[in-house]
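Below is one structure; the comments refer to it alone.
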Amino acid sequence: MQGRRRPGAGGEVNGNVANYRSQDSKNKRRGPVVFNEPQKLHKMLADMGLGSRRELEDWIIAGRISVNSLPAHVGQRVGPEDKVRVNGKLIHIHFAQRAPRVLIYHKPEGEIVSRDDPEGRPSVFDKLPKVGGGRWIAVGRLDFNTSGLLVFTTSGELANKLMHPSYELEREYAVRLIGELTPEQSKKLTDGIELEDGIAKFNSLADGGGEGSNHWYRVTLSEGRNREVRRMFEAIGLTVSRLMRVRYGPFELPRRLARGKSEELKAEQVEKLLSVVPAKGKQRKGPAEEARPPVDGETPTSPPKHGRRRGPRKPREAGEGGNRAAPQQGAPSPQGGEGVAPARKRAPRRRRRSSAKPAAGGGEA
């Protein structure tokens with residue numbers, strides 16, 4: 001049992017959590033106790049040094065401990081979302097951030113990657129294990145007639161990283177064609193071919209063998225547009241008879257994983273994956289974001305515009321102001337002190353009107 005002893009209190013432990021300190025807190029700063037998963041309340045508080053487990057059980061029975069503003073009970077488990085108070089004082093319990101769950105699935109043909117389908121077709125989510133307190137998020141999609149590797153995770157942030165084009169995670173497909181590619185066609189597919197939604201190209205294209213009219217190829221690309229692989233081969237006059245994804249970034253489809261079966265990654269595999277995926281904030285800026293600094297840089301050009309506005313005023317006071325400025329020029333003289341007030345009142349009005357026009361023009365620019 002750890003605690004700060006009251007002066008002159010013998011061996012009693014201070015029960016006031018607000019005044020609690022460990023015995024060596026003066027000599028050594030100790031970091032907070034971090035828990036990896038929810039566990040029993042009295043054990044957790046004992047590990048934090050608030051007393052022995054027996055004492056804390058007595059505190060719970062006495063009603064000195066509450067969880068989420070309700071009296072605690074012996075054996076109650078608490079997690080990161082729970083608020084624990086002892087004698088009315090909030091206890092800060094530190095939990096380690098839980099690693100996201102990651103699942104790989106061998107999708108067969110004839111399943112849709114969606115939870116809702118008006119046609120009532122089979123869904124890949126029907127065969128995935130249940131997730132308590134969350135749900136599986138699909139990393140990308142596969143066409144209804146496409147089979148192969150699908151990745152699922154419980155983390156929306158991780159799913160966004162794996163799908164975002166700026167991370168350029170490579171996809172690898174095994175493609176069976178009706179016919180064989182010519183060298184000219186292969187060059188077109190790797191150099192770039194025009195599609196309805198822009199130019200697309202394979203990072204690599206390798207012969208996978210085959211006999212007769214059906215021939216296999218291995219292709220890789222760094223994006224996942226809708227039916228991109230099929231449309232690329234259709235653009236050169238070839239038909240895909242079978243399409244199978246065998247790799248997605250660092251994930252490979254295991255040979256042992258049968259169709260319609262899933263396999264969850266272990267904790268150490270997830271940690272390795274998180275170290276491979278680029279850190280947050282390293283996404284490439286799009287063209288719109290890259291164009292923003294010059295736009296913002298144009299705003300400081302407003303002071304030169306004010307200088308241009310000042311330009312016309314000078315000739316107006318010297319030349320154009322011959323009719324109106326004549327009385328004002330005489331007004332500032334020591335003998336015409338009464339004429340100064342009207343001139344000073346009109347000048348700010350003109351400035352306000354002239355300054356408003358460039359502001360509106362700058363906004364339009």
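The values are calculated or read from the model by the stated rules, or taken from the named source; none is laboratory data. This one's a predicted model, so the numbers in the text were calculated from it and none came from an experiment. With ideal geometry, Cβ positions are generated from the backbone for all residues, glycine too; neighbour counts draw on all protein chains shown. What goes into the accessible areas is simple: the full protein's heavy atoms, side chains included, and nothing from ligands, DNA or RNA. Shrake-Rupley method; radii C 1.70, N 1.55, O 1.52, S 1.80 Å.
Compute the FRET efficiency between Arg259 and Arg225 as 1/(1 + (r/R0)^6), taking r as their Cβ-Cβ distance and R0 = 30 Å, and round to the nearest 0.05.
Computed FRET efficiency for Arg259 and Arg225 comes out at 0.75.
Name the residues whose placed amide hydrogens come within less than 5 Å of the amide hydrogen of Ser123, ignoring near sequence neighbours (fewer than 5 apart) on the same chain.
Close amide H contacts, sequence-distant or interchain: Ile112.
Count neighbours as other Cβ atoms within 10 Å of each site's Cβ, and list the GluC sites (Glu not before Pro) in segment 135-216 that are DSSP loop with at most 11 such neighbours.
Glu196, Glu211
Give me the one-decimal nm value for the distance between modelled label points at Arg77 and Arg98, 7 Å along each residue's Cα-to-Cβ direction.
1.0 nm
Based on the Cβ-Cβ distance of Asn160 and Lys127, what FRET efficiency does E = 1/(1 + (r/R0)^6) give at R0 = 25 Å, to the nearest 0.05?
Using R0 = 25 Å, I get an efficiency of 0.55.
Protein chains only, probe 1.4 Å: how do Arg176, Arg247 rank by accessible area, largest first?
Arg176, Arg247
What residues qualify as long-range amide H neighbours of Val78, i.e. H under 5 Å apart, gap of 5 or more or another chain, H built at 1.01 Å from N?
Result for Val78 returns Gln39, Leu41.
If you roll a 1.4 angstrom probe over the protein chains with everything in place, what fraction of the accessible area of segment 162-238 belongs to carbon and sulfur, to the nearest %?
Ligands and nucleic acids excluded, carbon and sulfur reach 47 percent.
Work out how much length Glu180 to Asn203 would gain on full extension: take 0.36 nm times their residue separation and subtract the Cα-Cα distance, in nm to one decimal.
6.4 nm
Contour minus end-to-end for Asp116 and Arg242, with contour as 0.36 nm per residue of separation and end-to-end as the Cα-Cα distance?
In short, 42.8 nm is gained.
Could you derive backbone 3J(HN,Hα) for segment 73-87 from the dihedral phi with the Karplus parameters 6.51, -1.76 and 1.60 (θ = phi - 60°), listing whole Hz in sequence and x where the residue is Gly or Pro?
10, 5, x, 5, 9, 10, x, x, 8, 8, 10, 9, 10, 10, 6
Dipole size in debye (nearest 20) for segment 72-122 around its Cα centre, Lys and Arg Cβ +1, Asp and Glu Cβ -1?
About 580 debye.
With labels modelled as points extended 7 Å from the Cα through the Cβ direction, what inter-label distance (nm, one decimal) is found for Leu70 paired with Trp216?
5.8 nm
Grab the Cα-Cα distance for Leu195 and Leu90, subtract it from 0.36 nm times how many residues apart they are, and report the gain in nm with one decimal.
31.8 nm
Return one whole number: the accessible area per residue of segment 41-166 in Å², for a 1.4 Å probe.
Counting only protein heavy atoms, the per-residue value for segment 41-166 is 52 Å².
Roughly how far apart, in whole Å, are the Cα centres of segment 52-124 and segment 169-211?
47 Å
A 30 angstrom limit on the alpha carbon distance is what I want to check against. Which of Lys40/Lys89; Lys107/Lys266; Lys43/Lys272; Lys161/Lys266 exceed it?
Lys43/Lys272
Might you report the magnitude of the Cβ-based charge dipole of segment 128-213 about its Cα centre, with Lys and Arg at +1 and Asp and Glu at -1, to the nearest 20 debye?
Once rounded to the nearest 20, the dipole reads 540 debye.
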